[in-house]
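In what follows, a single structure is set out as structure tokens and then discussed.
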Amino acid sequence: RQFDASLEQEWESARTSSTSLSVLLFDLDFFKQYNDLYGHVQGDRCLVDIARTLALALDSPRDLVARFGGEEFVVLLPQTDAAVALKVAERCQRLIREQAILHAASPHAQRVTVSIGVGTVTPGDQLKPASFLEAVDRQLYAAKKNGRNRIETLQLAS
């Protein structure tokens with residue numbers, strides 16, 4: 001709910017000031033297999049570790065990280081253009097890699113990895129926040145489809 005309220009507020013702020021707004025969507029790769037292998041208690045610990053790591057990667061006090069679903073997270077980056085959003089996504093991915101959380105069932109060096117969809121928009125009157133999130137979600141699924149442990153980006157016109 002915090003994310004929904006923040007997205008609405010930051011969307012309106014970006015629309016009225018004609019500034020960029022970026023969103024990063026994260027999915028933990030092969031997380032079902034992680035839970036099957038290590039159990040749900042360890043899975044929950046892993047999610048907490050990932051959330052803390054994502055929070056460390058953020059710069060602005062207005063930036064927000066939130067759980068978005070089972071093993072998905074969302075990062076809201078107000079006043080952030082596409083180039084900076086990609087750098088934040090790369091920093092998140094690097095910090096998670098450096099944590100080196102063991103995941104014996106993962107083909108990616110037997111470590112927990114994330115797939116990331118990145119989207120940037122300068123909101124106008126046509127596009128709505130939900131449609132923007134759907135577009136970023138498609139980028140996340142493209143990252144998963146294209147091999148996981150990767151970043152796919154999108155920049156939308158309003």
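The values are calculated or read from the model by the stated rules, or taken from the named source; none is laboratory data. Please read these numbers as outputs of a predicted model, since none were measured by experiment. With ideal geometry, Cβ positions are generated from the backbone for all residues, glycine too; neighbour counts draw on all protein chains shown. Heavy atoms of the whole protein, side chains included, go into the accessibility calculation; ligands, DNA and RNA do not. Shrake-Rupley method; radii C 1.70, N 1.55, O 1.52, S 1.80 Å.
Just a few scattered comments:
- Odd one out for residue 91 among (1) under 17 Å from residue 22 (Cα atoms); (2) modelled with pLDDT of 95 or more; (3) touching a strand residue (DSSP E or B) at 6+ places or on another chain (Cβ under 9 Å): (3)
- When residue 33 is tested against (1) within 16 Å of the chain's Cα centre (by Cα); (2) surrounded by fewer than 20 Cβ atoms within 10 Å (Cβ to Cβ), only condition (1) is not met.
- Within segment 87-145, being in contact (Cβ under 8 Å) with a residue 40 or more places away in the chain and in a strand (DSSP E or B) holds for 114, 115, 116, 117, 118, 119, 120, 121.
- Residue satisfying all of: in segment 45-64; of a type outside the set (A, V, I, L, M, F, W, C) and open to solvent by less than 30 Å² (accessible area, probe 1.4 Å); farthest from residue 24 (Cα to Cα) among these: 53
- Neighbours by Cβ (under 7 Å, 6+ apart or cross-chain): first from segment 28-44, touching a residue at least 60 places away in the same chain (Cβ under 8 Å); second exposed (fewer than 12 other Cβ atoms within 10 Å of the Cβ) and small (Gly, Ala, Ser): 37/104
- Against the test of being assigned to a helix (DSSP H, G or I) and touching a Ser or Thr at 6+ places or on another chain (Cβ under 8 Å), the options 51, 14 yield a single qualifying residue, 14.
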